[in-house]
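Beneath this line is the structure, given in structure tokens, with notes to follow.
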Amino acid sequence: MIDVLAGRLRALLGGRRVITDRQELRTYECDGLAHYKVTPALVAFPHTAEECAAVVRACVAAGVPFVARGSGTGLSGGALPHKDGVLIVTSQMRDILDVAPQDERAVVQPGVINLQVTKAATPHGYYYAPDPSSQQICSIGGNVAENSGGAHCLKYGFTTNHVVGAQIVAPDGELVRLGGRAPDSPGYDLLGAFVGSEGTLGIATEVTVRLTRLPESVRTLLAGFHSTDQAGAATSAIIAAGVVPAAVEMMDALAIEAAEAAVQCGYPAGAGAVLIVELDGPAAEVEAQFAEVERLCRDAGAFEIRIAADDVERALFWKGRKSAFAAVGRISPDYIVQDGVIPRTALPEVLRRIGEVSAARGVRVANVFHAGDGNLHPLVLFDDAVQGEAERAEEVSGAILDLCIEYGGSITGEHGVGMDKAKYMPRMFADEDLDTMQLVRCAFDPAGLANPGKIYPTPRLCGEVPGRHKGVHPAQEAGLAEVF
Ligand SMILES: Cc1cc2nc3c(=O)[nH]c(=O)nc-3n(C[C@H](O)[C@H](O)[C@H](O)COP(=O)(O)OP(=O)(O)OC[C@H]3O[C@@H](n4cnc5c(N)ncnc54)[C@H](O)[C@@H]3O)c2cc1C
């Protein structure tokens, strides 16, 4: 079956844009969550929306599942291939089709790298606001599918607030337009449903984004605190004072240790936590609010405050934060990047409880996160070579998500559910909620071929009676899904 499909796709795309060689296929066996690996049956590289649609139609005709992949930086296994399926990689769809500052819009192909949009808009006095720490490598298509966040989403909102239109290949292979350049369109918000759908409702082939005017002034400070409690209290005090910083980021002692080892960012010595606070906007407003932020940090217990004198120093403040995930490799051979969100005011208490869980299980946890959003990224450290450590790390990681739910938050703040967190969905949602979500998926994808096995814990075929499935599900039997 796959050989026939490979032949069809080669006829469509040419031989160089279809991979079937086992060794080459292994390049695509995982995303940023490298402990799950599945070698796809075939990889295809479309260049245009029409080619992408034709690849999907060929998959549908063959009854073969397909998975979209952008840059493969996802951290929840969303782009994990299907062993009998086609991985449709958009990394060669990298054209910026239009930059229209007069409309505050840009139109891009899905494989365009996030930072490239800002680079294209900057000469016009604009930028693209959502800035995941992976912005130098992740694709706009991946950002749309994950509804990605970033340090500056506190003030500017997530990807969903910056995508106004998309052309997608629906799971039956039809090219469809959702939204457009206008700020709103009538009818159901299908674009809203598509953003964050993790490749289960189709493949974005063109994205229209909102551009944001470059701020007149940007000021950044780095504050050193003795504890995360103090840094958490400073964060709440800043927001309570009516200041909405562009970013408030926190790192605890272990995360600082890792960042220092990796990039020598020179954060305040002996700090139990640091905050990076950035304000942007009209110069006079930033000036006035900056003084207040400084005072609030001192009141909360900051023992050292540095103010970036220029762009070079500002970049150094950010260097430690932006390299933190990878930097943890300096202090631990293996680690899990967890992602959950809680109400901001619960930060000090939840961080304390994470500390308790970590101590009780003997598993180190470094915390680096978007404090302003309450979006936690605990990095759970372990050594896979030591028997039982990986399992203990998994338990701690799951216990942290339970804490997020307990405090009224969510099992993911920005990295998505993917394959990794499907098993946690029933902890957060009732069966009825999950069934309702499945109805949406089935409306887009009745055949269940678009990224199967992701997001939902229980395999379900469209048209089935809702409720938990009893016995072995046909999708399980076919190797298309797994029950947790
Ligand atoms: C060091 C590091 C830092 C990170 N920091 C952040 C951060 O600050 N904030 C944040 O939100 N995330 C962050 N991430 C996670 C990741 O970068 C984002 O989720 C990103 O949006 C993924 O983009 P990608 O192109 O790599 O997508 P991929 O990993 O290739 O795919 C991600 C998902 O999107 C789907 N998909 C990809 N392209 C399309 C398309 N065209 N149409 C439909 N579905 C598609 C895939 O099927 C998959 O489900 C970070 C990752 C790393 C490695």
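The values are calculated or read from the model by the stated rules, or taken from the named source; none is laboratory data. What you are looking at is a predicted structure, and each value in this text was computed from that prediction instead of being measured. Here Cβ is always computed from backbone atoms with ideal geometry, including for glycine, and neighbour counts include all displayed protein chains. The protein model used for the area step is the full one, side chains on, heavy atoms only, and it has no ligands, DNA or RNA in it. Shrake-Rupley method; radii C 1.70, N 1.55, O 1.52, S 1.80 Å.
Let me check I've understood the local charge: for residue 342, count other residues with C-beta under 10 angstrom from its C-beta, Lys and Arg +1, Asp and Glu -1. What total comes out?
Numbers: positive: 344; negative: 349, 373, 406.
For residues surrounding residue 342, the net value is -2.
Please state the shape class of region 84-154: rounded when a/c is under 1.5, otherwise prolate if a/b exceeds b/c and oblate if not, all from the C-alpha gyration tensor. Walk me through the intermediate numbers first.
Numbers: a/c = 2.36, a/b = 1.42, b/c = 1.66.
Note, shape of region 84-154 comes out oblate.
When ranked by the protection proxy of mean other Cβ atoms within 10 Å per residue, highest first, what sequence do the peptides 18-27, 116-125, 406-415, 82-91 form? Could you put the intermediate results ahead of the total?
Working: 18-27: 13.4, 116-125: 16.8, 406-415: 20.0, 82-91: 21.6.
The most tightly packed comes first, giving 82-91, 406-415, 116-125, 18-27.
Name the residues whose placed amide hydrogens come within less than 5 Å of the amide hydrogen of residue 247, ignoring near sequence neighbours (fewer than 5 apart) on the same chain.
Result for residue 247 returns 278.
Please give the direction-averaged projected area of the C-alpha convex hull for region 290-425, in square nanometres with one decimal. Display every interim value, and only then the final one.
Numbers: hull surface 39.4 nm².
Over all viewing directions, region 290-425 projects a mean Cα-hull area of 9.9 nm².
Per the 1.4 Å probe, what fraction of the accessible area of the chain, in percent, lies on carbon and sulfur atoms? Display every interim value, and only then the final one.
Working: 10240 of 19510 Å².
Within the chain, the accessible surface is 52 percent carbon and sulfur.
Once you charge only the Cβ atoms, +1 for Lys and Arg and -1 for Asp and Glu, what is the size of the charge dipole of region 384-430 about its Cα centre, to the nearest 20 debye? Walk me through the numbers before you get to the answer.
On the way: 4 positive and 9 negative charges, 48 e Å.
I would put it at about 240 debye.
Taking H as built 1.01 Å from N, whose amide H comes closer than 5 Å to the amide H of residue 211, not counting residues under 5 places away?
105, 106
Between residue 16 and residue 406, what length comes free when the chain is fully extended (0.36 nm per residue of separation minus the Cα-Cα distance, one decimal in nm)? Walk me through the numbers before you get to the answer.
Numbers: separation 390, 0.36 × 390 = 140.40 nm, distance 5.06 nm.
Gain on extension, residue 16 to residue 406, equals 135.3 nm.
Using the per-residue mean of other Cβ atoms lying within 10 Å as a proxy for protection, in what order, highest first, do the peptides 232-239, 299-306 fall?
Working: 232-239: 22.4, 299-306: 17.5.
My ranking of the peptides, most packed first, is 232-239, 299-306.
Can you work out the Karplus-derived ³J(HN,Hα) for every residue in region 268-274? Use 6.51 cos²θ - 1.76 cosθ + 1.60 with θ = phi - 60°, whole Hz, and x for glycine or proline.
Those phi angles translate into x, 5, x, 6, x, 6, 10 Hz.
So which helices of the chain fit the span-like rule, where a helix is a whole DSSP H run, its Cα atoms reach 24 Å or more along the axis, and its mean Kyte-Doolittle is at least 0.5? All intermediate terms of the calculation are to be shown ahead of the outcome.
Details: long enough: 283-300 (25 Å, -0.19); 389-406 (25 Å, 0.11).
None pass (Cα extent of 24 Å or more, hydropathy at least 0.5).
Can you list the HN-Hα couplings for region 18-23, worked out from phi with the Karplus curve (6.51, -1.76, 1.60; θ = phi - 60°), rounded to whole Hz and with x for Gly and Pro?
10, 10, 10, 5, 4, 5
Give the Cα extents of region 167-233 along the principal axes, in whole Å, largest first.
Extents along the principal axes: 56, 30, 22 Å.
Please list the radius of gyration and Dmax for region 212-316, considering alpha-carbon atoms only, with Å as the unit.
13.4, 38
Can you compute 3J(HN,Hα) from phi for each residue in region 363-374, using the Karplus curve 6.51 cos²θ - 1.76 cosθ + 1.60 with θ = phi - 60°, rounded to whole Hz and x for Gly and Pro?
Couplings: 10, 6, 10, 9, 10, 9, 6, 7, 5, x, 8, x Hz.
From the helices alone, meaning DSSP H stretches of at least four residues, give me the mean residue ellipticity at 222 nm for the chain, per-run term -39500 (n - 2.57), in deg cm²/dmol to the nearest 500. Could the numbers behind the result be given before it?
On the way: 17 runs with 167 residues, N = 484.
The per-residue figure over the chain is -10000 deg cm²/dmol.
Loop only per DSSP, at most 15 neighbouring Cβ atoms within 10 Å: give me the trypsin sites (Lys or Arg not before Pro) in region 173-251, ordered by residue number. Display every interim value, and only then the final one.
Values: sites: 177, 181, 210, 213, 219; in loops: 181.
Those that pass, being in a loop and sparsely packed, are 181.
Give me the accessible area per residue for the chain, probe 1.4 Å, as a whole number in Å².
Working: 19510 Å² over 484 residues.
That works out to 40 Å² per residue.
Seen from all sides and averaged, what is the projected area of the convex hull of the Cα atoms in the chain, in nm²? Let's see the in-between values first.
Values: hull surface 92.2 nm².
For the chain, averaging the hull's shadow over all directions gives 23.0 nm².
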